[in-house]
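Worksheet: one structure, shown below.
The values are calculated or read from the model by the stated rules, or taken from the named source; none is laboratory data. Quantities reported herein were computed from a predicted structural model and do not represent experimental measurements. Note: ideal-geometry Cβ built from the backbone for every residue, glycine included; neighbour counts use all protein chains shown. When the accessible area is computed, the model is the full protein with side chains, heavy atoms only, and any ligands, DNA or RNA have been set aside. Shrake-Rupley method; radii C 1.70, N 1.55, O 1.52, S 1.80 Å.
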Amino acid sequence: MTGAPLDELDRFVHEPARLAILVTLAIVEEADFVYLQRRTGLTAGNVASHASRLEEAGYLAVDKGTGGPRRRTVYRLTEAGREALASYRRAISALLGL
Amino acid sequence: MAELRRERAPRGTGDPGLDGLERANYRLALSDGILDLGVGLMLLGMAAVWLLAEDLAGLAAIVPAAFIVPMLEIRRRTTEARGGYVRFTAERRASERAALRGMLVLGMGFLTVAVVAYVLVRRGGTVVSMASIGAGLPGLLIALPLALGAALSGLMRVKVYALVALATSATVVALEANPGWSLLATGVAMLGTGVPLLVHYLRKNPLPNLDAA
């Protein structure tokens, strides 16, 4: 152990499914539910439940579009989500001595 | 229904640690073969005009316009429905726009050269060598945007397409053949790659069940 404070590691972000969703959205402007599912490899149910929790935390903005024959739920990272991910990366880097 | 809270659009990832991941995802988004198929079919259409009605070769210039909207719609209905919708960063889209502008400038430049060569030949017939070089221009006009596209996307197969267009342009000039052959060869190379890519993509990505979305 390097002595880095574990307390600084945001356990909400640390959850693998949520982390995968956050990272996927950090590198694009916005993406829909299907794209998140494909890129993260999560089941539809997992994407829906974790995205919902991230939205409640204020990390994701969600638009449940109504246009077109196939409805499209579009997600984007909020500034709070971007900051949470950056903070998490700093903490995990410190913990791992990177 | 939750409303989308519009946040400030990021300029790129703004993070060197994530740039590699962004590039990989961008390349992956182009792996469905639709772009290869669309441009390949467009080139076949242009080649057909050159080869079957050389007197109407100018019509080849309008072929691309006829392909853009149908290909975008096909992409939306086939691969986007399976792989999902994504909008890349503002920085990425700015790069795409800059590349398109570059292609336009190059195209206009080459068109000017071609027109000047044509006029000179018609007036005096003293620049025959320029006229024969002009036969390679259609292929070059394709090779340069492809080279720009390869630089932008980092995709090896697009570099190969650019090389095919370049090599066939040189061959057309050397053999004093119809420029349509260069377009045909490049189009066939793109179709030959695009079809298996699309088949693979469709097999790998079945239509999702969106009940959970």
_Could you list, ordered by first residue, the pairs with Cβ atoms under 8 Å in which the first is in region B:76-102 and within 8 Å of chain A (Cβ to nearest Cβ) and part of a helix (DSSP H, G or I) and the second is hydroxyl-bearing (Ser, Thr, Tyr) and surrounded by fewer than 20 Cβ atoms within 10 Å (Cβ to Cβ), at least 6 apart or interchain?_
B:82/B:201; B:83/B:201
_Residue under question is residue A:36, and the condition is that it be open to solvent by less than 10 Å² (accessible area, probe 1.4 Å), within 20 Å of residue B:82 (Cβ to Cβ) and not aromatic (Phe, Trp, Tyr); does it hold?_
yes
*Sole residue being more than 7 Å from chain A (Cβ to nearest Cβ), modelled with pLDDT under 70 and within 30 Å of residue B:181 (Cα to Cα), chosen from B:59, B:30*: B:59
*Kindly list, by first and then second residue, each pair from a residue in region B:20-44 that is under 16 Å from residue A:35 (Cα atoms) to a residue that is among the hydroxyl-bearing types (Ser, Thr, Tyr) and open to solvent by 20 Å² or more (accessible area, probe 1.4 Å), limited to pairs with Cβ atoms under 6 Å and residues at least 6 apart or on different chains.*
B:32/B:201
_Please pick out the residue among B:118, B:201 that is modelled with pLDDT of 85 or more, part of a helix (DSSP H, G or I) and hydroxyl-bearing (Ser, Thr, Tyr)._
B:201
